[in-house]
Every structure is written in structure tokens, then in C-alpha cells.
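Notes follow once the structure below has been shown.
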Amino acid sequence: MPRRSLSTLISSFPFGPAALAMLVLTILSGLVLAFNPPPKKSATLTYWTFAKPHYDSYVKILPEFEREHPGVKVDLQLVTNTGLPQRLQAAFQADLDVPDLCEIEISSAGTFFRGPLEHVGFADLTDRIHKDGLLDKMVAARFAPYTKKGHIFGLPHDVHPVMLTYNRELFEKEGIDPNSIQTWDDFIRVGKKITIPHKRYMAEMVSTGTDEYEICLFQRGGAFFDANGNLTMDNDIAVKTMEFYVPLVAEGSKNQVAGSLSSSFGSVIVQGLQDQYFACLFTPDWRTGGLQQDAGAMAGKLAVMPLPAVEPGGRRTSTWGGTMLGITRHCQNQDLAWELAKFLYLDEKALPDRFRTTNIIPPVKHSWQLPVFHEERPFWSNQRIGEQFIALADQVPGQYSSPYIDTAKGKSTEALISCVKYYEHHGDDGFDAFVRSELKARADEVRRQIARNPY
């Protein structure tokens, strides 16, 4: 039999050279894995978090948990938030490299609850939460974003009430008494006096994203979805919020008191504070920790105050952000994982250091009596910021998630941009009709996407 050349073998392969190359690579990869299997995990539990402040806090306290549980080793991993949802979804699909516990940012949580309950990759914690009485011990509203059809899949890490950070030196120089700002009407009145477009603004509020818009929406009792999963991004509350918000950020508006920079974080926003480009920033508890880290030169020059109310006597806060901790179905020792979850989120030995590291108010109400939450903070002009956030915690509005939450926020951003552009050209003339039409059109796009999936 004549010897056949390699080129002849390739050309005679019935599915073509590309398929042959893939076959060869598959065989070689299999051989490599067969002779070089991945090392077995030495850790008892694997824990993913996306937040560096969380990671830094847990590194300090996990040795205590391991001492209390001899032989247990926790593998704590920091995974970037931009990549974590995709990596976890892929791990669930392949049933490979799935962590035992994982923290998920609130805006991504809903994407993991798509489909029937039995297809959710996280373990149902409802019975454990009720057995340990956590709905009474914690701020119950914070479970809402991690609940589907009455089943709770996540333990809330935080409350995240929102206040305003203000430049105390600027306020004093301009003769502004923060106690005189009780409502948004007061805020706008004061803001118009000190705002100089492109040089100084009363507040940072973006016109091309939903961060500050959704803070205002939640404060008014609005949301992108309601508790039953119905889209509400175009209801009357959303319309009123948009009509309130747009004139504050639209160029040339008589009520423009807000502007924005290229970034809301890091050196950019610090420079804006130092140069007094902004008098105020919307500040949830977690952002105060970031400012302490990034804006050291502003120590003693900043302070916080409650949000202005929509109406006199109304809610003086809102919420921004959040984190859930879930135990995956893949976890082989869910009882131990639950003990770890409670240690990190509820144990009074763990919470003080976490607060000093992050400034994040835990949703565990009995912990609010701990001395750490009542300490004066020199950075914040000796205010007891823990007390101030805690005083607002029970006013924090509920928010609800959905597999389509990112889509709804994206379409709300599109509506905001269109409404700002309209207002800059037409002002109040026809604005109400335009806002209603624009929000409904964008919401209907979301509804069409939802209709394609019965879950």
C-alpha cells in the first residue's frame, strides 16, 4: 500500500481541514488534561467577592472563623465585578469551577433568577432565613432584590442609605446653613445662588446615566420593577421624577444646579471636590469610605447631611447599590457555608472592623448599638457618620430586581438623554407630553423583550 502524504490525508478528510484541525486539538487537549489533571482544591469553601473593600475586610477576620472551625480553610478570591457575572454564569452552565459562596452586585443579581426556580444556580435560603429569624433581625426590605416568587436566594450585605456630602468650607464661605435645606425646593434655591455653569455646581448629577436619577426615583417610591416583577419605569412616579430631574442638569435651564465630569470616582471626582467644582455629592455609606481613601487632602473639610425631602416632612434618604451573598447549589457543605455567611454578615466580632474599613452600615439592626457606629470621624469634620446613616436606615426604600433590570436601566438612560436634549431646545413647552411618550416608548421596548421569555 503506497504511503500517503500529510497533505493528502488533510485533503481527504471528509469534513475539511478546519474540522480536522479542531479534532486534532481536541485530542491533544484531552491527552494533556489526562496526564496533567488540575490539582484538587485544598480549601473547604471557595468564596468569590467583587469588591476590594469587602475582600480587605474579610482577609482580616476569616482566620477567626477558621480557628472556630478546626480543619476548615476558606479560599477567598477577588474577582472583578465586570467579569464576575459572566464567569459565574459560565461556571453554572459547565458545572465547573463553581464557588461555594459568591457575592453579587445588586444590578446583576436578577440575571441569575431567570427561568424556573429549580434552574436558579443559588440555593434557596428561605427556610434558613426564617429559622434564624433574620427577617426580624435585619432590614427586611433589603431581601426584596434577591427574592423570586417568595423564595429568597441571597443574604443582604448592606443597607446603603444615601446622604449628601457637602464641602463644609464652601458652605461656610457662602453663608449656607445645611439645616436650612429641608426640601428639594430649598436645595434648588440655594443651588441657583452658587452655581456658575462650567465653573461651579451645587451638585454632581449626570445627564447620561441613571445613578443619581434612580436615587431620586427610589426616594419618591418609584422603581424600575415592582414586587411582582412588573415594569414600572414609565409610571406616574417615573414621569414626575424625570420632570424634576431634567431641569437640574439641562444646559441653559433656569433651574440648572448640577453638572458632571468624565468620572464619578477616583482622582477626577476628588479634583472636582478640591477645586470646589461641586458643592455636594450624592453619597451612600460605601462612597464615604471611598472618599476617605481617595480624598485625604479633604480631611476635616467635608461633612454629610440628609437628602432634601420631596415634600416637607418626607423621606430624607434613598439607596444606591447593594450586594447579596448566595450559596451555590454546587456547594457540598451548605450548612458550613451558611455558618460562614452568618459569621461575615451577622457576627458582632466581624462587623466593627468591616465598618471601620468600609463605612458600610450592616442590615443587622441589633449591631447598630455597637460603639463603632457612634464614633466621631475626624475626616468628616468630627461627625458621627455611623449614627447619621443609621438614623436613615429604616427610611431606605425597597427596590426590586429582574432579569431585565440592566435593560430597563439602559432604556431609562436613553429616555433621560432624549428628555435632556428636548428640554435644552424647548424648555417646559410640551415637556410633560414628551416625557410620557419617551418613557413609554422605551418601556415598551423592554416589555417586548420580556414577552419573548415567559419566565
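Quick note: the coordinates plus some simple rules give every number you see, no bench work behind them. This structure is a prediction, so every number in the text was calculated from the model and none was measured. Using ideal geometry, Cβ is built from the backbone for each residue, glycine included, and neighbour counts are taken over all protein chains shown.
Please list 407-415, 67-75, 328-336 highest first by mean number of surrounding beta-carbon atoms within 10 Å per residue.
Highest-to-lowest ranking by the protection proxy: 407-415, 328-336, 67-75.
Excluding F282 itself, what net charge comes from residues whose Cβ is under 15 Å from its Cβ, given Lys and Arg +1 and Asp and Glu -1?
With Lys, Arg at +1 and Asp, Glu at -1, the net is -1.
Which order results if I106, I361 are arranged by neighbouring Cβ count within 10 Å, fewest first?
With the sparsest Cβ surroundings first, the list reads I106, I361.
By how many degrees, between 0 and 90 and to the nearest 10, does the Cα long axis of helix 334-346 differ from the longest principal axis of the chain?
20 degrees
Which of K440, K131 has the fewest other C-beta atoms within 10 Å, and how do the rest follow up to the most?
Result, fewest neighbours first: K131, K440.
Need the list of lysines near K52 for cross-linking: C-alpha distance under 23 angstrom, and skip anything on the same chain fewer than eight residues off.
List returned: K60, K73, K342, K349.
What is the fewest-to-most order of I405, I327 by other Cβ atoms lying within 10 Å of their Cβ?
Listed from fewest to most nearby Cβ atoms, that is I405, I327.
From Cα pairs below 8 angstrom and at least 6 apart in sequence, can you work out the relative contact order of segment 354-395, rounded to a whole percent?
32 percent
Count charges around Q256 for me, please; just the other residues with Cβ under 11 Å from its Cβ, Lys/Arg as +1, Asp/Glu as -1.
0
Report which label in (i) 21.2, 68; (ii) 25.7, 101; (iii) 23.0, 74 holds the value of Rg and Dmax of the Cα atoms in Å derived from the coordinates of this structure.
Computed from these coordinates, Rg and Dmax of the Cα atoms in Å corresponds to label (ii).
Enter the Cα centre distance for the pair segment 283-303 and segment 378-455, rounded to the nearest angstrom.
Between the Cα centre of segment 283-303 and that of segment 378-455, the gap is 25 Å.
Suppose a student asked you for the relative contact order of the chain, using Cα pairs under 8 Å spaced at least 6 residues apart; what percent would you report?
24 percent
Relative to the longest principal axis of the chain, what angle (0 to 90°, nearest 10) does the C-alpha long axis of helix 17-35 take?
The answer is roughly 90 degrees.
Counting only pairs 8 or more places apart or on different chains, how many lysine pairs in segment 362-444 have C-alpha atoms closer than 24 Å?
Value for segment 362-444: 5.
So what's the angle, to the nearest 10 degrees on a 0 to 90 scale, between helix 52-68 and the longest Cα principal axis of the chain?
Helix 52-68 sits at roughly 60 degrees to that axis.
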